[in-house]
Every structure is written in structure tokens, then in C-alpha cells.
């Protein structure tokens, strides 16, 4: 039942602008549909979303009385008094979504709670009208002319393709974290995403990321009891984790929900990545879906005006459970890696003619298949073999590109690459820049593209599957030179990995080549390549007077 919130409750709700762009309309309407226990949610978008957004669900719907109240400010069926804010279990609770949308667009709500006749409520230019309507159980919301009377807000939006990419990202996140609900997303009457709603994470992963990711992923679930200062509660974690051979360049593909709400919580995402530990290649991020459930009183959804952030009563306790659950799940998964080492040592570690800052360094051992131990006068150098090889590869690639540009090579026959609906929208919004980086891409149907040519600096072709990473990096716009990001990624993939066994000759050549680099002491991503332990450290540790050999 929908009712008006009392003044005390309204004063305790974090106020803020609910509708800032088309994607925020979709968030509010999808969350309302989920709160109504919908089993199918269909989202239709015309253009950038300002023309029209339609969300159709088969949830429990509303009576005429409730529908009329739902479009008024400070009305809700999800809170009864101020105390409920501390234990809210629904996605929406402010009672502001529909009226806020109605202030910036024409709003039409057609709904039926399962009776013989439905109701249509229209709010246009502040005027509300109510009419009988034919509709089965559920709710349809049509939003048209968004920001029509707010030209400054409309002008601040990105391109239509970029705005739709935001919407696609929203729907994909909920589709992954709610595999029990069938989602359909259409753009200009073209279906871009459909999930089956079977309740299986693997089916949702297949629909969003394609067969390659879904076939290299494992579901997991874990429950741990956590004791806080004054009470004990249960933290449940479940989801699906792609194996470390399926990665992305950005952490955007770690999808997290807390008590059903998708959130961009950096601490939880960090815990997921930490759970992968050293399994991930340097500079790469996992593809994962992780749902966290905690007692409602342990999490505050009311810390951000748009519900984009949350606050835990004990963040460390929750993140520890997430990290250990992910680590345990991966420890039992089949994570065997296959494939040959590209950009082989014979070419990337060929002898150098220039002087090296490590000319007098001698390799004396190895540790855990990760580090080379080197003697350099009175110091022991510990060299990260992957970071070192990455630096060597990167500078070779950079020098080649500076002198000859990024060469493209044809893929014959062209290779099909499946993108998420979000990445497909980003590709279309940034196609000129992607072309300039050396990719030649043609549409093949749906979100599948034919990669006809790839960049190949130094004659080393990029894998066609790297298209998704390149699109994400370009669209992020947080690097002044997308070509440089491309080269860093290319340098990382073929570099020596943890556990790769180097011969004595290869180890010595790696040290020599690193010493000839322009920036030998960090990898392209800024991590150190070499650590130094002075002899005096051992002298102090062993209680010697000096480091010279003596009995």
C-alpha cells in the first residue's frame, strides 16, 4: 500500500536530484520493477533516452488509489516510519522516483494489481490525469520528452550512443546480479540484450559476455558468521568468477551487489581482486559477479542522494569475508592456462649494443618462479621478471610506433568477436579513434563484430579479442594517449609470467636488456622492477662487524 511519508521520515532521507541523465531513469524504474517481484523486465530506449524510455514488468502492479499516490512526492509503500530507514530491505524507498521523473518529462504509468481493469496515470506539465486502461498484471512506465524544458541539462549529456552505453551498463549489471529475472533491452527497436531469467549465473554470463567468458567461469557460494561489537550475524557471498585467462583492462567488469542493490563499491571490488591474488596478470582486472548479503541493519543505503554508494557498519569484516570466499572458490577451480609465449625471448631479449646500467650485475638465483636474485657489488638486487620483461617489450614497441606508426595486418578469414551490449555501444560511439589505433571492424549482427584487421606494432598482431579492452580504455577518456595504453596492454600479455622457468642465459639477457631501457626501474604501469637490499642489512641481521667473509 502506498502512503505519504511523515515529515520526520522525510527529513532523515538523504535528499538529492534523482534524475540526472537517462540512465538514472532506467535505474529507478528497474529497481521499482524488481521491488514489485517482476520475473520479466523489458526496457525500450529511443535515441539517447530523452526521446522515450519504456519499462514494462510483470510484477504485482498497483491499484488505482496507489497509482494516483505513486506519482506524488514523498509517497512510498516501502517505509512506514523513520526507524525503517535503518533496516530497509527494498531497492527503492524514497518515494521520489516517479514524481522526480514527472518534473523533467512526460510520465505515463499504466498498471494493474490483478483486477479486471487497470489504471493509467498521466503527468504532463505538472497536471495529473487518471483513466481506466486495459493491461494485465504488472506495470508499464513511459517517459517521453526527458529534459525537454531543461535545455542546459540536455546539452550537458554525451552523444546518443554514449548515453545508451550508460543505460546498457545499468541493465547488464542488474541482469548479472539478478539471473532469476529475465531482462530484455531494446534500442531503437533493435534488441541488444536478452537474458533467460533461469536463475543460473552462467546463463546470465553467457548472455552478457558471450560463450568464451561463460565457459571459463565458476559459480561459488559461501557463508560466514561475523561477530561485531554488539551482535553476531551472517554474511552470505555468491556469484560467478571468470578464470584468470579471461580479464579486462579495467575494474568496471567486477559487478557487485549488496542486499540486492548493484553498487560501485570500491572496497568490495578491491576485495574481489585481492581474492584472485597473484593469479591475475599484472595490469589486468577480473570479470566477476559477486553478491553480498548482510543483515539489513549492517548496511546504510542512505548515505548518497542517488543511492550510488553505501556504508557498512564494519567494512573490514565484510571485505575479509568477500576476499576469502573468492580465494577459496578459485583454489578449487580448474585454472590451467594454455597457449605459447608470444613475443619470444629470442627476439625481445636479443643482445644489446648500447651500454646497460646492469652491466656488472650477475644472476645468482631465483625465488618462487617470480624473482631473479642478482649480485651487484655490495647489494643484492631482486628483480621481478614479469615487470622487467614488460618494460623491455613496451619500450621496443613504443620506439617502433614512433618511427613507423601502428601497422595494421588483415585477419584472414576475419574473426568474430562478441561484445557486451555496453561495449558495442561504446565502440559505435568511439569508432573513429578505434580505427586510428589500427582495428578494422565490421558489424556482423547483434553485438557480434567481424574483426578484419588488428594493430601489429613490430609485426606482433594484437589478438582480435582485445577489441573489448581497447574500446573500454578509449571510452574511459582517462589517458591522454590511447595508443600508449594499447602498447602497454600489448607489452603485458606476452611477457614472462609468474612461474615461467628461465634458463640461466635468458635470465642474464633479461637483466642486460632491462638495464638498457630508458626507464629500467619501473614497468609501464608504474610498478617497480627492481628492489635493492644493501649488504649492511645482512651485517645487522647476522650480527657481523662487516660484510667480508670471516669465520
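Any read-out appearing in this document is the output of simple, stated calculations on the displayed coordinates, not a laboratory observation. For clarity, every value in this text was computed on a predicted model and none was experimentally measured. Cβ: placed from backbone, ideal geometry, glycine included. Neighbour counts: every protein chain shown.
If the segment from residue 188 to residue 505 were pulled out straight at 0.36 nm per residue, it would be longer than the present Cα-Cα gap by 108.1 nm. With the Cα gyration tensor of segment 126-285 giving a ≥ b ≥ c as the square roots of its eigenvalues, does the rule (a/c under 1.5 for rounded; else a/b larger than b/c for prolate; else oblate) give rounded, prolate or oblate? Prolate.
Between residue 158 and residue 37, the modelled labels are 3.8 nm apart [label points 7 Å from Cα along Cα→Cβ].
So, by mean Cβ neighbours within 10 angstrom, what's the order for 280-290, 217-227 with the highest one leading? Working shown, then result.
Details: 280-290: 21.6, 217-227: 15.3.
So the order, starting with the most tightly packed, is 280-290, 217-227.
With both labels modelled 7 Å from their Cα along Cα-to-Cβ, the residue 274 to residue 538 distance reads 3.4 nm.
Report note on the peptides 537-543, 139-145: ranked by the mean count of other C-beta atoms within 10 Å, highest first, their order is 139-145, 537-543.
Assuming 0.36 nm per residue, please report the length gained on full extension of the stretch residue 436 to residue 234 beyond their Cα-Cα distance.
Roughly 67.6 nm would be gained on extension.
The simple spin-label model puts a point 7 Å past each Cα toward its Cβ; for residue 522 and residue 129 those points are separated by 6.4 nm. For segment 211-331, what class follows from the C-alpha gyration tensor (a ≥ b ≥ c being the square roots of its eigenvalues): rounded when a/c is under 1.5, otherwise prolate if a/b is larger than b/c, else oblate? Prolate, since a/c reaches 1.5 and a/b exceeds b/c. Sorting the segments 414-427, 34-47 by their residues' average number of neighbouring beta-carbon atoms within 10 angstrom, most packed first, yields 414-427, 34-47. Taking the number of Cβ atoms within 10 Å of each Cβ as an exposure proxy, the fewest-first ranking of 278, 324 is 278, 324.
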